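Written out below as structure tokens is the structure these notes cover.
The values are calculated or read from the model by the stated rules, or taken from the named source; none is laboratory data. As the structure is a prediction and not an experimental result, all values here were calculated from the model. Cβ sites come from the backbone with ideal geometry, for glycine too, and all protein chains shown count toward neighbours.
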Amino acid sequence: MKALVVGASGQIGAMTVRDLVDRYRADVVAADLNLEKVKDVARATNPNLVTPIRLNAMDEKAMSKALKGVDVVLNSAWYELNMKIMTAAIKAGVHYTDLGGFYDGTLKQLKLNKKAVDAGITCVLGIGSTPGITNVCGAAGANKLDSVDNISIYCTWGTKKKATEAAMPAYSIRTVIDEMTQEPGIVDKGKKMKVPVLSGETSVTMPEPSGKVIAYYIKHSEPATMADYIGKGTKHVSFRIGFPEVDFATFKTLAELGFGSEKKLSIGGGKCSPKDFITAMYTDAVSSARHSTEVVDEYDYLRTDVTGKKDGLPARCTLFVRTWNDRKTGLSSARDTAVPPSITADWLAKGKVDKTGVLPPEACLDPEPFFKELGKRKILVDEELQVSSKFY
Ligand SMILES: NC(=O)c1ccc[n+]([C@@H]2O[C@H](COP(=O)([O-])OP(=O)(O)OC[C@H]3O[C@@H](n4cnc5c(N)ncnc54)[C@H](OP(=O)(O)O)[C@@H]3O)[C@@H](O)[C@H]2O)c1
């Protein structure tokens, strides 16, 4: 397989490059704005299989040149670029994956379905951990039931040692700040609607050592697609995040201070928005942290509850996804996001995805083989089915 990874030196992209090479011996073109950073990624994986290039995904000509001879493009750059990169992929007739369109973007991307069908390609939207694995979990749970009423998704993470210092996000600070400031979408009584950010407070039990966490609605793309593509009468879909205490305090403070603003301010003779400033600041901090040899016992947990009916009686299927960090393959919260696009790219290149068009993961990825592939990377999926009985 020849794969083009865009945003290949990012926290997620760099790990996807590694999985493509380690698992599939893929021929990878690692593309990013900064050539030196992708050269580092190539050196750290396999310089014989990874070709670093400088690429600005916003440059149409450069994108179309980079897409020549490629089987799949894996978009690991910021979600704001999805539409541009997906449009280029459709034009070039190249299969496509991304890490999520942040609800509104996903709805826009789905409108290009016919163009992708006509091009004979598949664009798999939001195939990371969440969105991504959670969408496939929703489909797996629904497969066990005759009808579905509610799909509730939860996510949390943490470390064995309780952290006290300010938090470092495991994914793009831009997305984190957007999550803390933009209205989430949910499906309620069969209708898509927006609700206030950080509303819907609820307590949910996650695997130990996390235990009970308080979770809130934040903007995510699962509710944009799951009721429509899973069907079976699904009336409610929501995504809630259970922040560890320190992370909640750090990110909420940054959001309240206005770091989500895109308004350009004059600083030292130049102009920069608070959001671009904090992106650059964290990118620098994350690159330095990547060279640290310290190993933290860090975990990432996902929970998807699908409730409905089986044989006329109430039933629930819960899927837990557990990932721990690994000395060789890196932090859990980045690994469980970086691996799904790599598996999907392999399936797309081998013709194992039999649908074309612009599709969310629940519509085109077969859950069981997908979970088995995750298991090979120590991303563990457990399924619990509870079916009621009546004896009267
Ligand atoms: N589905 C999920 O489970 C999930 C989980 C986590 C994250 N995400 C999403 O994944 C995306 C990437 O996250 P991340 O943590 O890897 O972010 P990141 O570390 O900031 O990486 C993004 C990369 O994209 C590059 N980039 C930005 N603009 C570009 C352009 N015009 N052309 C080419 N490359 C460009 C950046 O380059 P520079 O640094 O040089 O600017 C950076 O290397 C985010 O949108 C995030 O929301 C999804």
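Observations
- Residues that are in a helix (DSSP H, G or I) and closer than 18 Å to L110 by Cα, drawn from segment 125-136: N135, V136
- Test for K189: is it farther than 25 Å from Q109 by Cβ, out of contact with any helix residue (DSSP H, G or I) (no Cβ under 8 Å at 6 or more places or on another chain) and at pLDDT below 95: no
- Residue identified as on the phi < 0 side of the Ramachandran plot, within 12 Å of the ligand (Cβ to nearest atom), in a helix (DSSP H, G or I) and aliphatic (A, V, I, L, M) among V17, V21: V17
- Filter result for T181 (touching an Asp or Glu at 6+ places or on another chain (Cβ under 7 Å) and closer than 23 Å to T337 by Cβ): no
- Condition met for A140 (away from the ligand (no atom under 16 Å from the Cβ), among the hydrophobic types (A, V, I, L, M, F, W, C) and touching a residue at least 12 places away in the same chain (Cβ under 8 Å)): yes
- Within the span defined as segment 137-157, one or more residues are modelled with pLDDT under 95 and more than 21 Å from R316 (Cβ to Cβ).
- Matching residues, segment 336-380, being within 15 Å of the ligand (Cβ to nearest atom), surrounded by fewer than 24 Cβ atoms within 10 Å (Cβ to Cβ) and in a helix (DSSP H, G or I): F370, L374
- Condition met for N34 (surrounded by fewer than 17 Cβ atoms within 10 Å (Cβ to Cβ) and within 13 Å of the ligand (Cβ to nearest atom)): yes
- When G185 is tested against (1) within 16 Å of the ligand (Cβ to nearest atom); (2) over 23 Å from I214 (Cβ atoms); (3) under 20 Å from the mean Cα position of the chain (by Cα), just one condition goes unmet, and that condition is (2).
- Scope segment 193-221; condition at negative phi, touching a residue at least 40 places away in the same chain (Cβ under 8 Å) and of a type outside the set (K, R); matching residues: V204, M206, P207, P209, S210, V213, A215, H220, S221
Every residue, every condition in (1) surrounded by fewer than 24 Cβ atoms within 10 Å (Cβ to Cβ); (2) of a type outside the set (D, E, K, R); (3) near the ligand (Cβ under 10 Å from one of its atoms), yes or no:
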| residue | (1), (2), (3) |
| --- | --- |
| A3 | no, yes, no |
| G7 | no, yes, yes |
| R54 | yes, no, yes |
| D59 | yes, no, yes |
| D71 | yes, no, no |
| Y96 | no, yes, no |
